[in-house]
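The values are calculated or read from the model by the stated rules, or taken from the named source; none is laboratory data. What you are looking at is a predicted structure, and each value in this text was computed from that prediction instead of being measured. Cβ: placed from backbone, ideal geometry, glycine included. Neighbour counts: every protein chain shown.
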Amino acid sequence: MNIQQLEYFLASVERGSFSAAAESLHLAQPSVSEQVRRLEAELGVALFQRVGRGLVLTEAGKTLRPRAEAVLDAVREARESVVAVRELRGGTASFGTFATADEYLGSDLIAEFRGRHPNVRVRILGLNSAEAAEDVRAGRLEAAIVALPVDDEGLAVRPVVEDELCFVSADPAKLRRPMTIERLAATQLILSDASYGRDDPTRRLLAEHAQRAGVSIEPVVDVETDTTAFDLAAAGVGDAVTWLGLLVNRRSPLPKELGWTTFKQPIHMSLAFVFRRGAPLSPAAREMSAIVERRLLETASKLADAPRRRGAAAQLAQQRVAGLRADVVEHLEHADDRRVVQRAGVLLDGLEDLGGHLVGARGVRTAAVPVGHPVLLVCVQRGRDLAGVDDGQRHARPRQLVAQRLGEHPLCGLGAPVDRRPGKRAQRRAG
């Protein structure tokens, strides 16, 4: 018995003759009658009685009819469901990640996918790359994005982007130069993903680099999440490590007590897709993978310009800018010149932009932010921040300059420049 025989049987019932059934199916009449005879032979009973030129169902035919209709309905539903999955009108996208993947991919990843394909269910699993890879290998997931290295037995691995390891600390002295694996081994280290131990990709990478350097990495504190590790590091319990991409894309700022630096010999980690070797991906899994890959490449483009160090100097400079802004606001409370108020407002806008420039520097970094006319310069060098103005007074104390001479100093472009010595213009004003 096959689907075709049941289709021909039901068409003959509905049309009342083999010839009419053949016409509706666009077939020759002998083809239809032959398939029905084979079905009767297999079942061992007659399904029709021939009455004149028409057909009448026997008792066996009446019994078969509803069951044949149910079978063909199920076949149609099966075909439609497969077509819906193929055309992303149904089905499930099952995908694996690691705990911090949303920092790389954005929290709206699922919203974007569902916005494009509202009838496709989404199933995202995984807390660690090792776990996600195992779920793909076992067939619980179709695909996953993982941090390498992982056990790739039975898996196809396709690297997408690379990230760089960073050392995170509240101690400015430890951030003045790039970290080394030897110095890291001597620190009080806090590591996340405690449940996965040496299966965690970050721990595996550290162990491999430490082994080559002839040292060992042993954390003094094991925790589950990066956030907990950062909070403990900010409290001075120890130091942590994380990936530059997580620092660049963090939705919540790193605790203000913390800075970071990369390693003298860079330690790189690859983010890669893993699939079961030889197994095809469903359209939904392919679509989810395409969105994930695009977002990873966007993150990688940010890493090219990301600062490789944020130390105490940058933190102090940011605090100084905040103090400078407070002085400007205080001055405005007593200003009665509308021009002064407007131009100082331009300076305040510039200071808002300035904070984003004061992160990380090797040696000397100068961040220049236009404040109307001219430019405020902030220099960061060897843990000391030197702030000044574009009239050559780079080492003057900005708070004093603003508090004493805001109304006339070129820093804000307010009024005329200060006369360094009496001249004709000054004499005319005095007269």
Inset, instruction - Quick one: count up the residues across segment 113-130 that are surrounded by fewer than 20 Cβ atoms within 10 Å (Cβ to Cβ) and within 19 Å of the chain's Cα centre (by Cα). - result: 8
Legend entry - Filtered residue count, segment 220-266, keeping only those that are closer than 27 Å to G96 by Cβ and either in contact with a His (Cβ under 6 Å, 6 or more places away or on another chain) or among the small types (G, A, S) (or both): 4
Inset, instruction - Report, ordered by the first and then the second residue, all pairs with beta carbons closer than 6 Å, sequence separation of six or more or different chains, a first member in segment 154-177 that is of a type in the set (S, T, Y), and a second member that is surrounded by 20 or more Cβ atoms within 10 Å (Cβ to Cβ) and part of a strand (DSSP E or B). - result: S169/D239
Legend entry - Set A68, A93: member being more than 49 Å from the chain's Cα centre (by Cα), outside the structural domain of T202 (by TED's automatic domain parsing) and among the small types (G, A, S): A68
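Only one of T261, T228 is at pLDDT 90 or above, of a type outside the set (G, A, S) and touching a helix residue (DSSP H, G or I) at 6+ places or on another chain (Cβ under 8 Å). Can you tell me which? Before the answer, list the steps.
Working: T228 fails: touching a helix residue (DSSP H, G or I) at 6+ places or on another chain (Cβ under 8 Å).
Testing whether each residue is at pLDDT 90 or above, of a type outside the set (G, A, S) and touching a helix residue (DSSP H, G or I) at 6+ places or on another chain (Cβ under 8 Å) leaves just T261.
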Legend entry - Single condition V215 does not satisfy, out of (1) surrounded by fewer than 18 Cβ atoms within 10 Å (Cβ to Cβ); (2) within 22 Å of the chain's Cα centre (by Cα): (2)
Legend entry - Residue list for segment 137-153, restricted to those being in contact (Cβ under 8 Å) with a residue 60 or more places away in the chain and closer than 17 Å to S94 by Cβ: R137, G139, E142, A143, A144, I145, V146
Inset, instruction - Would you confirm whether any residue within segment 231-244 is assigned to a helix (DSSP H, G or I) and touching a Cys at 6+ places or on another chain (Cβ under 6 Å)? - result: yes
Inset, instruction - Check every one of the strands (runs of 3 or more DSSP E) wholly within segment 122-195 and list those with 3 or more residues that are closer than 18 Å to P266 by Cβ. - result: 155-169
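For segment 131-168, how many residues meet the condition of being small (G, A, S), on the phi < 0 side of the Ramachandran plot and over 24 Å from the mean Cα position of the chain (by Cα)? Walk me through how you get there before you give the answer.
Step one: of segment 131-168, the residues small (G, A, S) are 132-133, 138-139, 143-144, 147, 154, 156.
Narrowing the set further to residues that are on the phi < 0 side of the Ramachandran plot leaves 132-133, 138, 143-144, 147, 156.
Now narrow it down to the ones that are over 24 Å from the mean Cα position of the chain (by Cα): 138.
Residues in segment 131-168 being small (G, A, S), on the phi < 0 side of the Ramachandran plot and over 24 Å from the mean Cα position of the chain (by Cα): 1 in total.
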Inset, instruction - For segment 196-217, name all the residues that are closer than 15 Å to F263 by Cβ and not in a helix (DSSP H, G or I). - result: V215, I217
Legend entry - All strands (runs of 3 or more DSSP E) inside segment 1-118 with 2 or more residues being closer than 30 Å to R140 by Cα: 92-96
Legend entry - Pair list, Cβ < 8 Å and 6+ apart or interchain, from segment 192-216 residues that are touching a residue at least 40 places away in the same chain (Cβ under 8 Å) to residues that are of a type in the set (K, R): D193/R203; Y196/R203; R204/R198
Inset, instruction - Sort through V292, V248 and tell me the only one that's assigned to a helix (DSSP H, G or I), within 13 Å of A143 (Cα to Cα) and within 12 Å of the chain's Cα centre (by Cα). - result: V292
